[in-house]
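Quick notes on the structure that follows.
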Amino acid sequence: MAEEEDPEGPIIPSLYKPPALLPIAQLKEQLLYTIETYPVTIVVGETGSGKTTQIPKFLLEAGWCNTGQQIAITQPRRIACTSVAVRVAEEVGTSVGQKVGYSIRFEDVTSAATQVKFVTDGLLLREMLVDPLLSRYAVIMVDEAHERSLSSDILLSLLKKVLRKREDLRVVVSSATLEAERFLDFLSPDQGEMIHGKSKKDFGYIIGIEGRTYPVEIQYLQEPTNNYIEAAVEAVVKIHEHEPEGDILVFLTGREEIDDAIDMLGDRIAEMSSSQRKLIPLPLYAGLPTENQNMIFTKPPPGTRRVIFSTNIAEASLTIDGIVFVIDSGYVKLRSYNASLGIETLSIVPVSKASATQRAGRAGRTRPGKCFRLYTERAHQELQEATFPELARANLAPVLLQLLNLGITNLIRFDYLSPPPSSLVTRALDLLYSLDALDPYGRLTKPLGTRMAELPLEPQLARALLKATDPEFSCLSEMLSIAAMMTLQGHAFVSHDGGKKQLDAARRRFAVAEGDHLMLYNVYGAFVQAGLGNTAWCREHCLNHKNLVKAVSVRKQLAAHLDRFGIRENVLAAAGEGVLRVGGRPLAERVRRCLATGFFAHAARMKGDGSFTTVDGKTTLWAHPSSVFFNRKADWVVYSEIMEMKGKIYIRDLSAVDMDWLTEYAPEYYKIKNGRR
DNA sequence: GAGCACTGC
């Protein structure tokens with residue numbers, strides 16, 4: 001390639017300003033030159049720039065796979081992998097799974113012929129267990145890295161290490177403008193350091209690509225509002241009265257707000273003249289049954305305007321055609337982890353500027369649009385630049401377990417893109433130690449720790465599952481079903497027509513006095529018996545068919561992992577004909593004991609008023625209304641999830657236990673706890 | 001007493 005293609009000469013990252021943006025086709029030669037020349041290329045691609053589809057094609061044509069290696073493009077979401085793979089395969093003129101394929105959990109659509117592979121970032125991380133240097137790839141493109149998902153952050157840390165070992169590897173990172181320098185600086189050698197004969201300034205390069213979206217006019221409130229739901233409905237009515245045709249997308253934070261807004265808008269529509277009434281409100285959130293979600297993708301009758309009230313799902317995960325107006329509340333619900341209490345919190349917080357920009361952009365995909373922000377311009381200036389990375393606010397136990405399994409021993413000084421607070425790291429290590437996944441020296445135990453790391457489950461649940469084959473528990477088949485159902489995170493049930501009563505009645509049909517885990521087990525068993533394709537049965541019992549099918553896949557995958565460990569499910573037990581009593585203990589008790597071996601740290605005791613307290617008696621907890629213990633007596637329970645919402649702490653997935661079991665299965669944990677008191 | 005934003009393996 002010609003020397004004069006070098007676009008700007010050496011760059012100084014701190015002074016970097018995106019050069020004039022060019023459409024991707026015009027940048028083909030420059031992109032290929034940069035990737036050839038530098039180990040790291042950062043692509044600043046605006047929305048609709050075609051980076052995800054075109055860059056892999058360019059690399060393929062330029063012969064990057066001629067040596068038999070592949071090109072991997074990571075995505076944070078499964079849906080992106082499949083849809084982009086289909087499109088690129090079409091453009092290349094093959095069917096998916098041939099030259100172009102994708103690989104996501106439960107679906108590997110690749111073959112010996114596959115050269116370009118779209119993969120979720122989490123799955124590529126798992127692949128590193130088998131192939132730590134990712135030697136089968138010539139180029140790895142980390143797409144949407146600016147979203148700062150847990151997996152892509154970790155992946156970048158690991159790629160930094162791999163780049164130091166593999167001179168031939170090329171890494172492409174796609175990013176928003178804001179983070180470009182940070183990524184380049186992170187992946188590059190330190191000042192004065194040389195890697196493969198390259199110094200900081202000739203290790204990487206940033207390229208900007210022009211987008212193909214339409215301009216979006218932004219409007220702010222003159223005065224702040226104290227009720228953004230009302231303000232949103234007001235804005236919808238104004239747009240409907242004064243603006244030309246085009247659908248409206250409203251960003252709110254959750255289901256409750258969406259339902260309220262739709263009710264309020266319904267009242268306003270009722271007041272309108274019949275010629276004005278052509279306004280269709282629609283809800284959109286992840287928990288919505290699939291058939292209702294699909295209404296978003298069906299064309300409305302001509303002459304009508306749709307108003308979609310959505311959570312953050314419409315910000316990046318889902319694209320809706322025909323949106324011309326966006327109304328942005330300026331808020332989002334965000335999960336964070338309080339390490340000192342070990343409690344997750346779901347709270348409503350202001351969005352970042354990056355989020356606000358992304359939301360506004362949703363109005364300009366088909367023609368010029370408008371975005372109405374329900375806050376003042378001044379408030380916007382005060383927003384954080386970008387959303388806090390997930391790594392810095394998550395429960396780190398699962399990811400640390402995975403890093404240990406990859407041979408990374410010093411987790412405190414690991415080269416994180418954004419180092420998490422040390423309290424998060426120590427809290428996670430404490431938990432892993434209490435679960436016997438770590439020895440006193442912080443090393444992964446064998447085989448328990450390594451097996452826990454390999455299972456795609458929370459560490460506590462992984463431990464309980466691995467304990468299920470102990471003779472005193474003998475409940476592997478049951479624990480497999482329970483673990484699979486627990487990965488649905490409370491989404492086994494769904495109310496199809498908004499009927500709360502029906503939903504509660506359905507839950508009661510499967511409920512048992514022992515608790516929620518055995519209820520989930522009952523649901524799983526009944527579903528399998530009814531038939532995997534029996535959607536009518538699911539509807540009748542307010543069950544989410546898609547999710548139950550997923551549970552069946554998860555169960556299969558877990559069983560396959562265990563099989564690899566040499567742990568096999570007893571076929572008789574799987575058919576429900578196994579030994580029901582071991583040492584005089586009924587099966588249900590053995591399951592609850594087994595759960596206690598994983599969730600002993602999550603114990604609580606019910607008080608007279610139906611609320612719970614933690615073991616130290618300091619914190620009041622409430623059974624989530626979906627629990628069988630919401631209106632049923634209990635003494636001690638273990639739970640699998642604890643979350644603070646609106647100032648109240650809820651526990652989910654509860655099972656009744658004896659206090660003695662806790663001290664029996666986790667003597668050290670409870671000895672230490674007592675010693676401290 | 002009254003309810004989970006969104007992803008992923």
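Ordering A:Glu589, A:Glu458, A:Glu245 by how much accessible area each has at a 1.4 Å probe, largest first, what is the list?
A:Glu245, A:Glu458, A:Glu589
I need the peptides A:522-529, A:92-99, A:606-613 ranked by packing, meaning the mean over residues of other C-beta atoms within 10 angstrom, with the highest value on top.
Descending packing order for the listed peptides: A:522-529, A:92-99, A:606-613.
When you take every Cα atom in segment A:3-209, what is the radius of gyration, and what is Dmax, the widest Cα pair distance, in Å?
Answer for segment A:3-209, Rg first and Dmax second: 15.9, 48 Å.
For a distance above 17 Å, tell me the whole-number percent of Cα pairs in segment A:470-511 that qualify.
The share of Cα pairs beyond 17 Å in segment A:470-511 comes to 50 percent.
Top to bottom by accessible area (1.4 Å), largest first, where do A:Tyr33, A:Tyr220 land?
Largest accessible area first, the residues go A:Tyr220, A:Tyr33.
List the aspartates and glutamates whose Cα lies under 17 Å from the Cα of A:Lys648, skipping any in the same chain that are fewer than 8 positions away.
Here the aspartates and glutamates satisfying the reach criterion relative to A:Lys648 are A:Glu256, A:Glu344, A:Asp609.
Please list A:Glu478, A:Glu29, A:Glu540, A:Glu107 in order of solvent-accessible area, largest first, computed with a 1.4 Å probe with all protein chains present.
A:Glu540, A:Glu29, A:Glu107, A:Glu478
Could you please report the charge total around A:Ser188, scoring K, R as +1 and D, E as -1 over all other residues with beta-carbon less than 13 angstrom from its beta-carbon?
So the surrounding residues net to 0.
To the nearest 0.05, what FRET efficiency results for A:Asp470 and A:Phe297 with a Förster distance of 41 Å applied to their C-beta separation?
The value I calculate is 0.25.
Can you pull the Kirkwood radius for segment A:57-112, inverse mean 1/r over Cα pairs, to one decimal in Å?
Hydrodynamic radius (Kirkwood, Cα only) of segment A:57-112 equals 11.7 Å.
Going down the list A:Lys550/A:Lys671; A:Lys51/A:Lys353; A:Lys28/A:Lys333; A:Lys28/A:Lys161; A:Lys57/A:Lys198, which pairs span over 31 Å between their C-alpha atoms?
A:Lys550/A:Lys671; A:Lys28/A:Lys333
Could you tell me, in Å, what Rg and Dmax come out for the Cα atoms of chain A?
Both quantities, over Cα of chain A: 26.7, 82 Å.
How much net charge surrounds A:Asp516 when only other residues with a Cβ under 13 Å from its Cβ are counted (Lys, Arg +1; Asp, Glu -1)?
Surrounding charge for A:Asp516 is +2.
Largest first and in whole Å, what are the equivalent-ellipsoid semi-axes of segment A:259-388 based on the Cα gyration tensor, each being the root of 5 times an eigenvalue?
Values for segment A:259-388, descending: 29, 18, 15 Å.
For segment A:421-477, report the convex hull volume of the alpha-carbon atoms normalised per residue, in Å³, without decimals.
88 Å³
Determine, at each q value in 0.16 (inverse angstroms), the log₁₀ of I(q)/I(0) that the Debye formula gives when each Cα of segment A:453-528 is one equal point scatterer.
Computed log10 I(q)/I(0) values: -0.65.
Considering only C-alpha atoms, what is the centroid distance from segment A:45-93 to segment A:236-312, in Å?
Going from one Cα centre to the other spans 35 Å.
Restricting to Cα pairs below 8 Å that are 6+ residues apart, what does the relative contact order work out to for chain A? Please round to a whole percent.
10 percent
With a 10 Å radius around each residue's Cβ, average the other Cβ atoms per peptide and rank A:559-566, A:311-318, highest first.
A:311-318, A:559-566
What does the charge add up to near A:Arg78, with Lys and Arg as +1, Asp and Glu as -1, over the other residues with Cβ less than 12 Å from its Cβ?
That works out to +1.
Given the alpha-carbon gyration tensor of segment A:455-667, what are the semi-axes of its equivalent ellipsoid in whole angstrom, ordered largest first, with each equal to the square root of 5 times an eigenvalue?
Taking √(5λ) for each eigenvalue gives 25, 24, 15 Å, largest first.
Can you tell me which lysines have their Cα less than 22 Å from the Cα of A:Lys556? Leave out same-chain residues fewer than eight positions away.
Candidates past the 8-residue exclusion: A:Lys467, A:Lys546.
The values are calculated or read from the model by the stated rules, or taken from the named source; none is laboratory data. As the structure is a computational prediction, the values presented were derived from the model and not from experiment. For neighbour counting, all protein chains shown are included, and Cβ atoms are generated from backbone atoms with ideal geometry for every residue, glycine included. These accessible areas exclude ligands, DNA and RNA; they are computed on the full protein's heavy atoms, side chains included. Shrake-Rupley method; radii C 1.70, N 1.55, O 1.52, S 1.80 Å.
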